[in-house]
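Read the structure below first, then the notes.
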Amino acid sequence: MPHDGAPDILGPEVLVIESLPAAAQAELEGRHVTHRFTSIEALHPVAEGIRAVVTGGGTGLDPAIMAALPGLRLIAVNGVGTDRIDLGEAERRGIAVSTTRGLLDADVADLAMGLMLDVMRGISANDRFVRAGNWLKGAPPLGDAITGRKLGIVGLGAIGEAIARRGAAFGMQIAYHTRREKPDSSYTYYSDIVTLARWCDVLVLALPGGAATNGLVNRTVIDAIGPQGYLVNVARGSVVDEPELVDALENGRLAGAGLDVFAHEPQVPEALLGLENVVLQAHRGSATKEVRAAMAAHVLTALDGLVGT
């Protein structure tokens, strides 16, 4: 059934690389001729007619697929990440790129705080402790307090700002690192990420992925956080040198980590699975019913813009 205000005609043909939630996907298929991507070879017979691609922020659009679509006019991203899309080539070809920026900031920030609370207070670890019957044998280890601690945020965009507000509500001291200082920010700025990591008790990553930030959190940064500090990543797995992170967690160079993203999702380093000082999520920053519905509606609205053009 078309959504409110939509015309009762089929819109331009759409290539679906990553599906929308079920109801929105059904609406998409009711409004457009859709093609599921399986391979470049299978794409050839229909490539000429495709005007839009629906994909996810973590999936992006492979350059070979973009090159195979001569009539492409829109890449509709059901997410905020564009690091896996060749934006330069899209601009050169006049292809619009839409994202759901602004819709998921609060939910990602909530998850960042949840990961911080979980790993520092041992919530998931204590849940496992109780379920295993170990409370009958003695008390679990003490956790670390949140209130009054130093929160360092890498990336003070809308999500980073939302995390900072939540941290401030917990009585945390806030500082941040970005490429350029934000003159309107009341938080302390560090131009060097290593200095910020050395200052803070917990470092939260909320910056874009891509070549410019690949491996930014390396051994030097991790060692600056130190054996009493924590890392929370709700950005991209590529931002962290994952083998160094695993080694630091295994060998006590880092107190713990809350991780929503990984370098080779959905693959997660096996060594992390058995560690009690790590909280793992399956890239769920925006994974609430409310936000996913709003994101999908935004994608459908972006596709509406192609109708009649």
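The values are calculated or read from the model by the stated rules, or taken from the named source; none is laboratory data. A quick note: this is a predicted structure, and the numbers were derived from the prediction, not measured. Glycine also receives a Cβ, built like all others from the backbone with ideal geometry; neighbour counts cover every protein chain displayed. We work out accessible area using only protein heavy atoms, side chains counted, and drop any ligands, DNA or RNA first. Shrake-Rupley method; radii C 1.70, N 1.55, O 1.52, S 1.80 Å.
Of all the numbered requirements in (1) surrounded by 14 or more Cβ atoms within 10 Å (Cβ to Cβ); (2) in contact with a strand residue (DSSP E or B) (Cβ under 8 Å, 6 or more places away or on another chain); (3) small (Gly, Ala, Ser), Ala24 misses one, and that requirement is (2). State yes or no: is Leu28 touching a residue at least 60 places away in the same chain (Cβ under 8 Å), outside any loop (DSSP other than H, G, I, E, B), closer than 20 Å to Ala296 by Cβ and not polar (S, T, N, Q)? Here the answer is yes, as Leu28 does meet what is asked. Would you confirm whether any residue within the range 92-107 is acidic (Asp, Glu), under 17 Å from Asn233 (Cα atoms) and touching a residue at least 12 places away in the same chain (Cβ under 8 Å)? Scanning the range 92-107, I find at least one residue that is acidic (Asp, Glu), under 17 Å from Asn233 (Cα atoms) and touching a residue at least 12 places away in the same chain (Cβ under 8 Å), so the answer is yes.
Among the residues of the range 77-85, some residue qualifies, meaning at least one is open to solvent by less than 60 Å² (accessible area, probe 1.4 Å), part of a strand (DSSP E or B) and polar (S, T, N, Q).
Considering the range 265-281, and only residues there that are free of Cβ contacts under 8 Å to residues at least 24 places away in the same chain and either among the basic types (Lys, Arg) or open to solvent by less than 80 Å² (accessible area, probe 1.4 Å) (or both), the residue that is farthest from Ala109 (Cα to Cα) turns out to be Gly274. Scanning the range 187-198 for residues that are open to solvent by 60 Å² or more (accessible area, probe 1.4 Å) and either touching a strand residue (DSSP E or B) at 6+ places or on another chain (Cβ under 8 Å) or part of a loop (DSSP other than H, G, I, E, B) (or both) yields Thr188, Ser191, Asp192. Restricting the range 241-264 to residues that are under 14 Å from Thr220 (Cβ atoms) and open to solvent by 10 Å² or more (accessible area, probe 1.4 Å), the residue that is farthest from the chain's Cα centre (by Cα) is Arg253. No other residue among Ala287, Ala297 is outside any loop (DSSP other than H, G, I, E, B) and touching a residue at least 40 places away in the same chain (Cβ under 8 Å) apart from Ala297.
Among the residues of the range 214-240, those that are surrounded by fewer than 21 Cβ atoms within 10 Å (Cβ to Cβ) and either touching a strand residue (DSSP E or B) at 6+ places or on another chain (Cβ under 6 Å) or in a loop (DSSP other than H, G, I, E, B) (or both) comprise Asn214, Gly215, Leu216, Asn218, Gly226, Pro227, Gln228. Scanning the range 247-273 for residues that are over 17 Å from Asn214 (Cβ atoms) and either among the β-branched types (Val, Ile, Thr) or in a helix (DSSP H, G or I) (or both) returns Asp247, Ala248, Leu249, Glu250, Val268, Glu270, Ala271, Leu272, Leu273.
May I ask you to list the residues in the range 50-76 that are part of a loop (DSSP other than H, G, I, E, B) and of a type in the set (D, E, K, R)? Matches in the range 50-76: Asp62, Arg73. Using the structure shown, decide if Gly71 is modelled with pLDDT under 95 and either open to solvent by 10 Å² or more (accessible area, probe 1.4 Å) or in contact with a strand residue (DSSP E or B) (Cβ under 9 Å, 6 or more places away or on another chain) (or both). Criteria not met by Gly71.
Restricting attention to the range 135-163, the residues being closer than 22 Å to Leu280 by Cα and either part of a loop (DSSP other than H, G, I, E, B) or not β-branched (Val, Ile, Thr) (or both) number 12. Scan the range 169-186 for residues that are closer than 23 Å to Ile146 by Cβ and either in a strand (DSSP E or B) or open to solvent by 50 Å² or more (accessible area, probe 1.4 Å) (or both) and report the count. The qualifying residues number 8. Leu254 meets the conditions (1) touching a Phe, Trp or Tyr at 6+ places or on another chain (Cβ under 8 Å); (2) free of Cβ contacts under 8 Å to residues at least 24 places away in the same chain in every case but one. The failed one is (2).
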